[in-house]
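Report on the following structure.
Computed from the coordinates by the stated procedures, all read-outs in this text should not be read as laboratory data. The model shown is predicted, which means the values in this text are computed figures rather than measured ones. Cβ atoms come from the backbone with ideal geometry, glycine included; neighbour counts cover every protein chain shown.
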Amino acid sequence: MALHTSPRLRVASHRRLKKCAARSFTRRVAFLYISVVHYVYLLKLNDNSIYTGSTNDAKKRLTKHNKGDVLATKGKRPVKLVFYCAFPTKKKALEFERYLKNGSGQAFRNKHLI
């Protein structure tokens, strides 16, 4: 990298660098603000069984369960939300959901989450 000999060039170059850094920071913050959070949730159904699911809009999904729009829980209403957790990526949420649906995950769920 070449050194600037003129103080005027050094100041201009420094200003450009600060402006780029600020723009980059703003973009990162905007991305974090806009990014979608994915949830894994547990519902207690009317027959005392547990339903495990994932979504990116927990309130909307719970409303759909209680309205009867979800076939798996339609005949077991009303449903009650007993646990939910948020994940930064859909992949992580689906991995945790899959874990909670297998044998050792169900044991973990029953012991620690409900």
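Expressed in nm², what is the orientationally averaged projection area of the convex hull enclosing the Cα positions of the stretch 38-113?
The directionally averaged projection comes out at 4.7 nm².
If you add up the charges near Tyr39, with Lys and Arg at +1 and Asp and Glu at -1, over every other residue whose beta carbon is less than 12 angstrom from its beta carbon, what do you get?
That works out to +3.
At 7 Å along Cα-to-Cβ for each site, give me the label-to-label distance between Ile114 and Asn56 in nm.
2.8 nm
What ranking, highest mean first, results for peptides 44-50, 58-64 when packing means the other Cβ atoms within 10 Å averaged over each residue?
Order by mean packing, descending: 58-64, 44-50.
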